[in-house]
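Structure, as structure tokens:
Only the coordinates and a few stated rules stand behind these numbers; no lab work does. Quick caveat, the model's predicted, so the values are computed rather than measured. All Cβ positions, even for glycine, are placed from backbone atoms using ideal geometry, and neighbour counts span all protein chains on display.
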Amino acid sequence: MNKVILIGNLVRDPEARQIPSGRLVTNFTIAVNDNTPNANANFIRCVAWNNQANFLTTYLKKGDAIAIEGRIVSRSYVDNNGKTNYVTEVYADQVQSLSRRNQSPSDNNKVNVDTMMESYTGINTDAAFSSNKPQTTLSSTTSNLNKNNDEEDEITSWINLDDDLE
């Protein structure tokens, strides 16, 4: 199984371009911190296509916290000098913003775990674990690019919070 989930910050503003086939593509890099003392960030090259690329360029900017889910892809290309270059990237099938707008610059790197959980999974942890046990059904919709063609494949999952709490 080839599956990657990363949480990090955009290194620069994403820019989209259209390739000859008409597809929209964005190459971007995220900085992912290790949870070890004095560790340096890992800079991970990523690629997003079509709707995910449009989302990145429309709503996100340098420094924004994001979560991506995708797969590792290795490829090669020949540059203008005839040299073969090898690249390993993460193809982002799903992109989720974890940043809040209107924060002060000093708060940009602070991500509340409950907020991140709700933002990434669609689950409000306060409501899910309250003693009132409300009759709540939560809809979580995410878009996923179909690997076989350019069509977007919508996946909707329904979670009944009451069933999970008993």
Cβ charges +1 (Lys, Arg) and -1 (Asp, Glu), total dipole of region 2-95, debye: 200
Positive-end residue of Q18, N80, Y59, charge dipole of region 2-95 with Cβ unit charges: N80
Those trypsin sites (Lys or Arg not before Pro) in region 1-35 that DSSP places in a loop and that have at most 10 other beta carbons within 10 Å: K3, R12
Ranked by how many other beta carbons lie within 10 Å on average, peptides 60-69, 80-89 from highest: 60-69, 80-89
Region 7-58 versus region 72-90: alpha-carbon centroid distance in Å: 17
Share antiparallel - DSSP beta bridges, region 2-95, percent rounded to 5: 95
